[in-house]
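Novice: Have a look at the structure that comes next, please.
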Amino acid sequence: MAPEADPIDGRPSTGPESWSDPLSRETVQLIAEGVTEMVGFQVAIISVVRGEALRAVAVAGSDEARKQLMGSATPMQVIHDEVARADDWGRFKFVPHDRAGGSGDDYGWVPDFVPEEGPDAWHPLDLLIAPLEDDAGAVVGLLSIDLPVSGRRPDVGQRSMLEKYAAQAERAVLVALERHALSEQIRLATTAREIVRNASVQLRIDDLLMQCGAALTQGFRAGGSWIQTFDDDVLGTGALHSAQGADIVLPDVLIKVAENAAHDLWALQQWVLIELGRPVEVLTLEQSAQIHAFMERIGTAALLFVPVGAGSTCVGNLVLTRVEGQPTWSTTEAAAALDIGHDLGRAILNARTFDREHRLVKELTALDVYKGQLIATVSHELKNPLTAIVGHLEILESAPELSDRTRRSLSAIDRGAQRLQRVIDDLLLLSKIGDPDNPVIPAPVELQPILEDLRDLTAVAAQRAKVTVTLDVPEEPVTAQGDGEEIDRALSNLLGNAVKYSRPDTTVSVSLERDGDEVVVVCRDQGIGVSEEDQQHLFTEFFRSADPAARAQSGTGLGLAIVARIVERHGGSIAVESELGVGSTFTLRLPAA
Ligand code: ADP
């Protein structure tokens, strides 16, 4: 048989185990056993209404009876029909076998025995049942008994005992159903809360509210839900976000009422249940009437209005709706909704921060692009006149009739021009490698040849500075993944600095190795070192240490910024360890090919 719909949450139920909690199930079972033992029947069955049928959830009696009857379902209609033709014994209804309408199939089980003699003998088709009802008189379950030990219909004494057991069974079933409903509510609310919590990481407000709305509607068994966020700062949307995606248009006057109410309720940590036809305590009659008119327009019978916030700040409100006929919210549910108001509040504030950051990053990126373009343009503009200056310098320097004084001036101009040239070249490179439209086109780059070339290129400078450069590279090729020219430039800057900032009669040692999926170049010198404070700024454009020993060397302050930029766009890293007066070690890591 196909599983029936659970009357509580519409989910399929598969058997008695899915009904209520173990304690409730045990209580109901004990009551069934009480009937058999204390009143003298061989079989007692307690069933609960599940959808359109009654399902046996407790069976007392023989193992065989238990096996056959536990979980069996009887259509509600059959019971109604039987009750209609039964003798009324109070709670119990008795249908003698000659009036019984159902066949064995309807009940799942008909005991097989030969009835005794006499008018009050029990017959296999005799039916004795007590419908169990809730306060409103709706049938929620059934106690049915069969096979009196005496073989006779129950006497007055037995019937009065049975009456008591039926009352007990009714209470137990009602309590169990209530507990079941309650735990379901909590389960659903908890699920909704989980969703809100998990959704709160890095979501834009609209996405966040879209995601949570559906969970809230489901979790609170609402007809619909919407969240209003307040325009308390430029970033608040002041908008309504409905779970269904359909736009709810809240009249302006209600937007204001809702906003004020949310602030007041948040301060009190309270929610409000608004039902059609009932004035809302915290509002004026006119406001109540406006809300009711609105509810009628959107076809809603009840609203649960919950403030949303974090700390002392109220940032919005959550509204859950129910249509006519849906059960109203319990206090537990409303409290859970208020709890979710806290989660949502935090999530909304997070999302606002996220939005703000997002926008800021966008602005900064745009600014960065602009800066890059500006640098590139300015550098180009400077380059042309500089080329003219350098060209004319060369012509002048080769003139034979110059005085010594003029020559000295010309060579000073030449040094200045060269320095300018270096700054412009570095700036142009910096803007090129900072241009998002000019990504690295990665290719395998073998590092040994590059390092050997660089050592040869710095040989003259090293000799002049009385610095020995050693190179320690493995036999087998070590290959990085990236742009060869850029990697060459980064390594050249590191080695150039090491020699430039070394003291005479010291060594610069460069080593290369492969480390997992990275290649590592370490450049170590015994030079002037960098103070801890300066180390923080080494990779910033135009930074040059104030240390006179460093200032004695010419430089643009762009070399390490270029290294950092290149390393970054290759997905590598650069680190420095240094001690003033002792030396520095730069460690560069790049992805291996
Ligand atoms: P510069 O053109 O001035 O060398 P860099 O960006 O290459 O510019 O370096 C920035 C500053 O870092 C240098 O001015 C210097 O003070 C310091 N520096 C760089 N490398 C070393 C090193 N190996 N030893 C000591 N100081 C260094």
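The values are calculated or read from the model by the stated rules, or taken from the named source; none is laboratory data. Note that the coordinates shown come from a computational prediction; the quantities given were computed from them, not determined experimentally. Every residue, glycine among them, receives a Cβ derived from its backbone with ideal geometry; neighbour counts consider all protein chains shown. With ligands, DNA and RNA removed, areas are computed over all heavy atoms of the protein, side chains included. Shrake-Rupley method; radii C 1.70, N 1.55, O 1.52, S 1.80 Å.
Novice: Ignoring ligands, DNA and RNA, please state the percent of accessible area on the range 46-183 from carbon and sulfur, probe 1.4 Å. Before the final figure, lay out the partial values.
Specialist: Values: 3360 of 6620 Å².
Roughly 51 percent of what the probe reaches on the range 46-183 is carbon or sulfur.
Novice: Let me ask something additional. For the ranges 511-517, 43-49, 338-344, what's the packing order if you count other beta-carbon atoms within 10 Å of each residue, average per peptide, and put the highest first?
Specialist: 43-49, 338-344, 511-517
Novice: Just grab the label-to-label distance for Thr353 and His380, each label 7 Å out from Cα along the Cβ direction, in nm (one decimal).
Specialist: 4.3 nm
Novice: Each label point is 7 Å from the Cα along the Cα-to-Cβ direction; what then is the distance between the points at Gln290 and Arg197, in nm?
Specialist: 3.8 nm
Novice: Probe radius 1.4 Å, ligands and nucleic acids ignored: give me the carbon and sulfur share of the accessible area of the range 367-434 as a rounded percent.
Specialist: Numbers: 2820 of 4590 Å².
C and S atoms contribute 61 percent here.
Novice: What shape does the range 441-496 take by its C-alpha gyration tensor, where a ≥ b ≥ c are the square roots of the eigenvalues and a/c under 1.5 counts as rounded, a/b above b/c as prolate, and the rest as oblate? All intermediate terms of the calculation are to be shown ahead of the outcome.
Specialist: On the way: a/c = 3.46, a/b = 1.72, b/c = 2.01.
It comes out oblate by the Cα gyration axes.
Novice: Accessible area of the range 523-593 with a 1.4 Å probe: how many percent of it is carbon plus sulfur? Mind showing how you got there, number by number?
Specialist: Numbers: 1620 of 3360 Å².
Ligands and nucleic acids excluded, carbon and sulfur give 48 percent.
Novice: What length, rounded to one decimal in nm, is gained on full extension from Met76 through to Met161, with 0.36 nm per residue of separation minus their alpha-carbon distance?
Specialist: On the way: separation 85, 0.36 × 85 = 30.60 nm, distance 2.60 nm.
Separation in residues times 0.36 nm, less the Cα-Cα distance, equals 28.0 nm.
Novice: Going Cα to Cα from Lys466, which lysines come in below 23 Å? Please leave out same-chain ones fewer than 8 positions away.
Specialist: Those lysines meeting the cut-off are Lys500.
Novice: Starting from the exponent 0.38 and prefactor 2.2 Å, build the expected Rg for the chain from its residue count and divide its actual Cα Rg by it. Please report the intermediate quantities before stating the final value.
Specialist: On the way: Rg = 43.2 Å, N = 593, 2.2 N^0.38 = 24.9 Å.
Compared with the compact-globule rule of thumb, the chain sits at 1.73.
Novice: What full-extension length gain, to one decimal in nm, is calculated for Ala549 and Arg66 as 0.36 nm per residue of separation minus the Cα-Cα distance?
Specialist: Values: separation 483, 0.36 × 483 = 173.88 nm, distance 9.64 nm.
Computed gain between Ala549 and Arg66 is 164.2 nm.
Novice: Taking Cα pairs under 8 Å and at least six residues apart, what relative contact order does the chain come out at, in percent? Please report the intermediate quantities before stating the final value.
Specialist: Numbers: 979 pairs, mean separation 46.6, N = 593.
Value for the chain: 8 percent.
Novice: Rounded to whole Hz and in sequence order, give me ³J(HN,Hα) for the range 520-529 from the Karplus expression 6.51 cos²θ - 1.76 cosθ + 1.60, θ = phi - 60°, writing x for Gly and Pro.
Specialist: Karplus values, whole Hz, x for Gly and Pro: 10, 10, 10, 10, 10, 10, 10, x, 6, x.
Novice: State the extension gain, in nm to one decimal, for the chain segment bounded by Ser403 and Thr365, taking 0.36 nm per residue of separation less the distance between their alpha-carbons. Mind showing how you got there, number by number?
Specialist: Working: separation 38, 0.36 × 38 = 13.68 nm, distance 5.36 nm.
Contour length minus Cα-Cα distance gives 8.3 nm.
Novice: Let me ask another. So if I take the centroid of the Cα atoms in the range 321-373 and the same for the range 275-310, what is the distance between those two points in Å?
Specialist: Each part's Cα centre sits 24 Å from the other's.
Novice: Cα centroid distance between the range 514-593 and the range 142-206, in Å?
Specialist: Each part reduced to its Cα centre gives a spacing of 72 Å.
Novice: Could you do me a favour and compute the accessible area per residue for the range 189-356, 1.4 Å probe, result in Å²? Provide the component values of the computation, followed by the final result.
Specialist: Working: 7780 Å² over 168 residues.
Value for the range 189-356: 46 Å² per residue.
Novice: Place a point 7 Å from Cα of Ala84 in the direction of its Cβ. Which residues in the range 37-60 have their backbone N less than 20 Å from it?
Specialist: 52-54
Novice: For the range 22-182, report the accessible area per residue in Å² (1.4 Å probe, heavy atoms, rounded to an integer). Let's see the in-between values first.
Specialist: On the way: 7660 Å² over 161 residues.
Here the residues of the range 22-182 average 48 Å² of exposed surface.
Novice: So, one more: Hey, with R₀ at 22 Å, roughly what FRET efficiency would Arg415 and Lys466 work out to, going by the Cβ-Cβ distance, to 0.05? List each step's numbers first, then the result.
Specialist: Working: r = 23 Å, r/R0 = 1.05.
So, using R0 = 22 Å, E works out to roughly 0.45.
Novice: Now, a different point. Estimate the FRET efficiency between Gln448 and Glu533 by the formula 1/(1 + (r/R0)^6), using the beta-carbon distance for r and 45 Å for R0, to the nearest 0.05.
Specialist: Working: r = 36 Å, r/R0 = 0.80.
Once rounded, the FRET efficiency stands at 0.80.
Novice: If we count every other residue with Cβ under 12 angstrom of Glu33's Cβ, Lys/Arg +1 and Asp/Glu -1, where does the sum land?
Specialist: On the way: positive: Arg66; negative: Glu26, Glu37.
Residues close to Glu33 contribute a combined charge of -1.
Novice: For the chain, with the dipole built from +1 on Lys and Arg beta-carbon atoms and -1 on Asp and Glu ones, taken about the Cα centre, which of Ile45, Ala443, Leu367 lies farthest toward the positive end?
Specialist: Selected residue: Leu367.
Novice: In debye, nearest 20: dipole of the chain around its Cα centre with unit charges on the Cβ of K, R (+) and D, E (-)? Don't skip to the answer; put the middle values down first.
Specialist: Numbers: 52 positive and 89 negative charges, 386 e Å.
It comes to approximately 1860 debye.
Novice: Just to confirm, what accessible area per residue do you get for the range 443-591 at 1.4 Å probe, in whole Å²? Before the final figure, lay out each step's value.
Specialist: Numbers: 7390 Å² over 149 residues.
Counting only protein heavy atoms, the per-residue value for the range 443-591 is 50 Å².
Novice: When the helix-only estimate is applied to the chain (DSSP H runs of n ≥ 4, each -39,500 (n - 2.57), divided by the residue count), what is the mean residue ellipticity at 222 nm, nearest 500 deg cm²/dmol? It would help to have the intermediate numbers written out before the result.
Specialist: Details: 15 runs with 275 residues, N = 593.
Dividing the helical sum by the residues of the chain leaves -16000 deg cm²/dmol.
Novice: So what J values fall out for the range 123-133 if you push phi through Karplus, 6.51 cos²θ - 1.76 cosθ + 1.60 with θ = phi - 60°, rounded to Hz, Gly and Pro as x?
Specialist: The phi angles translate into 10, x, 9, 5, 10, 10, 9, 10, x, 9, 10 Hz.
Novice: Okay, moving on. Step through the residues of the range 572-587 one at a time and calculate ³J(HN,Hα) from phi using the Karplus curve (6.51 cos²θ - 1.76 cosθ + 1.60, θ = phi - 60°), rounding each to whole Hz and writing x for Gly and Pro.
Specialist: Using θ = phi - 60°, the values come out as x, 8, 9, 9, 10, 10, 7, 9, 4, x, 10, x, 9, 10, 9, 10 Hz.
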